[in-house]
Amino acid sequence: MVDDMNEGGPRGRCAPATSPLVPDFIEVDHFGLACGGEHLSGDLFHSRSLEEGNRVVSVLADGLSSGVEAAVLASVTASMALEYVEWNIDTAKAAAILMDSLPVDPVRRISYSTFTIVDARRDGRTRIFEHGNPPVLLIRDGALVPLERTVLGQPRWGNRRLRVSEFQSSVGDRIVLCSDGVTQSGMGTPALPLGWGEPEAAAYALSRLARSPDLSSRRLAELLVDRALWNDGGAAGDDITCGIIHLRRPRVLQVLTGPPFDRARDREFAALVDRPGSRKVVCGGTTSNILARELNREVEMDLALPDREVPAPSAMAGVELVTEGCLTLAKVGQYLEAGACPRRNAASRLVELLLESDVIHFQVGTAVNEAHQDPALPVELDIRRNVIKRIAALLETRHLKKTLLSYY
Amino acid sequence: MEPVTVTICMGTACVVMDGSRLVLLEEHLPERLRGLVRIRGERCLDLCTRRSAALAPFVLVDGEPLANATFESIVLRIEERLAGRA
Ligand code: FES
């Protein structure tokens, strides 16, 4: 949490809308389903963030067949790979050790587990090591980029091969890893006798991205897995897993809450709404009144879904969401603490927006709302600053978000 | 006839002073007022600071503030408005 009291403090100058503290970053997420009837998946997707987030290594391992045995094989393979990397063993070396040590099925002469390792750096340097899984996809600007793969073999590997590619990623690149449960989904069905196939799976990913270019890694993985499950007629014929690595500009959310301490700064505070480069949320009745006045904009409340615990949300041009202040923020804190939103209301919507973002910049007005101090009120309202600090801490520790705080 | 507009405050002070249930006003309108009332919400009517939070919850009936609002007092005020227009 960066608490830049000096920079944005009541007497300081205002903090920049997008901070230099926020370079491009690597978003990794995955989704998977176990083969119909099994509790454990024989596919495993694991990642490790290294060098303070400047480097992420991900492994997709697919154990032979399915069930417990496959799960153990995949798990050993994935953990070995990540352990080596953690011990500072070069990824190329780690991949070779895996090739050396993986047990081989005596009949089919294939490894007991296939694997793909992606070693991605925030500066774009990327290396990929593939053995046996469907080839990874590199998606750039909405199209597939063919990878140049060097095929490595060793006498002791028999006819097993390791494919290595090395390239410079650009911001926006996505690397898609799928287990064969995705590409072979539907195999044997009348619609897809030979299975979905790699080109079709790739085309599907591209079409989803064409429709929504900002899809999160988690969502894209989910869509691919769901589609594969559909191909299988609703019961997975194999373990189905998809992992995605996305090098991108961080999504920044600005949370404006509280009236500025000094009224003379109202205009400057309100102007934050129209700064480009981030989404905005406004929390607080007085705060939204100030913005409505300064920006000459309507605030429209949506009473369609009344909630007993949290006042209804409103809408304002240029802002994703306008909520009440203290009660809603306290509820957001509770939801983040509990790790779940039990109800759909303005607080759960705000939690969604927070979790969809990588960087959250709280712009906190520090004027004390006298009405909240009135002894007639039946509850004691927490000081805004404290609630915000608690939320920021939860976002940092539980959700690995970067948070910034500026005071007005 | 132009409906009477009731603006319900959904600000912190009004909500904690038991104003949150006022959004259900529609359900508490007597039959004769159905269709004659338009209900809106407002983030904060700013009466909590300009007057006193002790008088919350506030609503506006055709723009006129009503303190310590309850379903009954709102209905009464709506009827006064309609009577005044007739
Ligand atoms: S909270 Fe209702 S008037 Fe301010």
Working from Cα positions, state the angle (0 to 90°, nearest 10) between the long axis of helix A:217-231 and the longest principal axis of chain A. 50
Relative to the longest principal axis of the C-alpha atoms of chain A, give the angle of the C-alpha long axis of helix A:198-211, reported between 0 and 90° and rounded to the nearest 10°. 10
Between A:Leu192 and B:Arg34, what is the spin-label point distance in nm, taking each point 7 Å from the Cα along the Cα→C-beta axis? 5.2
Among the aspartates and glutamates, which fall within straight-line cross-link reach of A:Lys331, defined as a Cα-Cα distance under 16 Å, with same-chain neighbours fewer than 8 residues apart omitted? A:Asp307, A:Glu309, A:Glu352, A:Glu380, A:Asp382
Using the beta-carbon distance between A:Arg156 and A:Arg48 and R0 = 25 Å, what value does 1/(1 + (r/R0)^6) give for FRET efficiency, to the nearest 0.05? 0.35
Mind jotting down the distance between the C-alpha centroids of region B:48-86 and region A:352-408, whole Å? 32
Determine which aspartates and glutamates satisfy two conditions relative to A:Lys93: a Cα distance under 15 Å, and not lying fewer than 8 residues away in the same chain. A:Glu83, A:Asp119, A:Glu130, A:Glu166
If you count, for each residue, the other Cβ atoms within 10 Å and average over each peptide, how do A:102-111, B:42-51 line up from highest to lowest? B:42-51, A:102-111
Of all DSSP beta bridges in chain A, antiparallel share, percent nearest 5: 70
Quote to one decimal, in nm, the extra length available between A:Thr397 and A:Asp302 on full extension: 0.36 nm per residue of separation minus the C-alpha distance between them. 30.9 nm
Cα axis of helix A:384-399 to longest principal axis of chain A: angle in degrees, 0 to 90, nearest 10? 0
Each label sits 7 Å from Cα toward the beta-carbon; between B:Glu2 and A:Arg140 the label points are separated, in nm, by 6.3
Quick one: work out the % antiparallel among DSSP beta bridges in region B:4-85, nearest 5. 50
Summarise the partner chain shielding of A:305-312 as one whole number: the mean count of Cβ atoms from other chains within 10 Å of each residue's Cβ. 5
How many partner chain Cβ atoms sit within 10 Å of a residue's Cβ in peptide B:38-50, on average, as a whole number? 6
Taking a ≥ b ≥ c as the square roots of the Cα gyration tensor eigenvalues, with a/c under 1.5 meaning rounded and otherwise prolate when a/b beats b/c or oblate if not, region A:252-407 comes out rounded
Rounded to the nearest Å, what's the spacing between the alpha carbon centres of region A:62-97 and region A:291-345? Just the number, please. 45
Given R₀ = 45 Å, what would the calculated FRET efficiency be for A:Asp105 paired with A:Ala203, taking r from the Cβ atoms and rounding to 0.05? 0.90
With at most 12 neighbouring Cβ atoms within 10 Å, loop GluC sites (Glu not before Pro) (DSSP) excluded, longest segment of chain A: A:149-297
All aspartates and glutamates inside 15 Å of A:Lys389 as judged from Cα atoms, apart from same-chain residues fewer than 8 positions distant: A:Asp3, A:Asp4, A:Glu337
In square nanometres, what is the average projected area of the Cα convex hull of chain A? 23.2
Scoring only Lys, Arg, Asp and Glu (+1, +1, -1, -1) among other residues with Cβ under 10 Å from the Cβ of A:Arg248 yields -2
Testing the spin-label approximation: label points 7 Å from Cα along Cα→Cβ at B:Glu72 and A:Asp123. State their distance in nm. 7.5
Distant-in-sequence amide H partners of B:Thr5 (H built 1.01 Å from N, under 5 Å): B:Arg38, B:Asp62
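A short reminder: the numbers here are calculations on the coordinates, not readings from a lab. Values in this document were obtained by computation on a predicted structure and should not be read as measured data. Positions of Cβ are generated from backbone atoms using ideal geometry, with glycine treated the same way; all protein chains shown enter the neighbour counts.
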